[in-house]
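Undergrad: Have a look at the structure that comes next, please.
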Amino acid sequence: MKIITKTEALLAEIKSLKCEGKSIGFVPTMGALHQGHITLVQRSASENDICVVSVFVNPTQFNDATDLERYPRTLEADAKLLESAGCSILFAPEASEIYSSQELSQPFEFDFGGLDEVMEGKFRPGHFNGVVQIVSKLFTIVQPDRAYFGEKDFQQLAIIRRMTTLMQFPVEIIACPIVREPSGLARSSRNELLSAEERTLAAHIHAVLNESLQFATSCPIDDLVSATIAAIERKGTLKVEYYSIVDGNTLQPIEKWEETDYAVGCVTVHCGAVRLIDNIRFK
């Protein structure tokens, strides 16, 4: 596995690989890798000649400076995991390799078509502008044939698909299922910030979502949303920021089950100081 930290060096490497006719799979990450990431990497490596993984804690998608500072950084351990998972190239740049000072100081603008006005976008203004900004830059540098994203970040996946279409990137977006811990907790780099007690508590989130499946299509949506929030918050200090059952394509909340054939429940829960997201597909 090659470790590359300079954009120009990666561009040269990609040009050479393209000339050889190699297919390129890409997994963008912010590091602190876990089994969820590794599943994406393994799939990318199995479906492409070359697997490129980026490890870059992107400053422009954090609207909270403290959250950016607290985000775990474990590059040495990440590199070992990536090599064992079949990664060909690890791209680990500094911010100065990606952004000019002007780009860091002014907001990036993008036409989200309303996808950024609900759920995460409502509670984290500017977050998805930063996501689109970095992924579009990385797509330009890596020039992948396929890019792999986890379904845990459901809203992000929908926005990346829109970005790929609007910006006309010739990239196939591959969605991969949520990887969970044995307890059911969705794997996330943020889980490392949880205490042992909080980790046990957080597993209750998926347990409640999973239980709610038995009421899908038979219970009014407003009632199910209220009951789900109440059930999660009955456990310890868990606090629901939002829970919404949406159309999986538009991300707009639905009022009746028959409005869509693709209904997804998306939730964000605070467990102590850690903000956790999860989702479940009803149909």
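Undergrad: How would you rank PHE110, PHE128, going from fewest to most other Cβ atoms within 10 Å of each one's own Cβ?
TA: Going from least to most buried by this count: PHE110, PHE128.
Undergrad: If exposed means no more than 15 neighbouring beta carbons inside 10 Å and the site is in a DSSP loop, what's the longest run of the chain without any exposed GluC sites (Glu not before Pro)?
TA: 118-254
Undergrad: Further question on the same structure: Note down the net charge around GLU233, summing +1 for each Lys or Arg and -1 for each Asp or Glu among other residues with Cβ under 14 Å from its Cβ.
TA: Surrounding charge for GLU233 is +2.
Undergrad: Another question, then. Which translational diffusion coefficient, to the nearest whole µm²/s, is obtained for the range 1-51 from the Stokes-Einstein equation, given a Kirkwood hydrodynamic radius over C-alpha pairs, 4 °C and 1.567 mPa s?
TA: 107 µm²/s
Undergrad: Let me ask you something else. Zone of SER16 (label point 7 Å along Cα→Cβ, backbone N under 16 Å): which residues in the range 85-105?
TA: 88-91
Undergrad: Oh, and also: How big is the range 218-283 by Rg and Dmax over its Cα atoms, in Å?
TA: 12.3, 37
Undergrad: To continue, here is another question. Using only Cα atoms, find the angle between the long axis of helix 7-19 and the longest principal axis of the chain, and express it within 0 to 90 degrees, rounded to the nearest 10.
TA: For 7-19 against the chain, the angle is about 80 degrees.
Undergrad: With a Förster radius of 22 Å, plug the Cβ-Cβ distance of SER218 and TYR262 into 1/(1 + (r/R0)^6) and report the FRET value to the nearest 0.05.
TA: The formula returns an efficiency of 0.75 here.
Undergrad: Taking a virtual spin label 7 Å from the Cα of ASP247 along the C-beta vector, which residues in the range 110-141 bring their backbone nitrogen under 19 Å of it?
TA: Backbone N within reach: 112-122.
Undergrad: Multiply the residue separation of LYS239 and ALA273 by 0.36 nm, subtract the distance between their alpha-carbon atoms, and state the gained length in nm to one decimal.
TA: 11.2 nm
Undergrad: For GLU192 and ASP64, what is the calculated FRET efficiency with R₀ set at 25 Å and r taken between the beta-carbons, to the nearest 0.05?
TA: Result of the calculation: an efficiency of 0.90.
Undergrad: Compute the Rg to Rh ratio over the chain from the alpha carbon atoms, using the Kirkwood formula for Rh, and round to two decimal places.
TA: With Rg and the Kirkwood Rh in hand, the quotient comes to 0.97.
Undergrad: Now, a different point. Given H placed on each backbone N at 1.01 Å, which residues far from PHE56 in sequence or on other chains put an amide H within less than 5 Å of it?
TA: Hits under the 5 Å cutoff: THR29, MET30, GLY31.
Every number here is computed from the coordinates shown, using simple stated rules; none is lab data. Just so it is clear, the structure is predicted and the values come from calculations on it, not from any experiment. Neighbour counts are summed over all protein chains in view; Cβ atoms, including those assigned to glycine, are modelled from backbone coordinates with ideal geometry.
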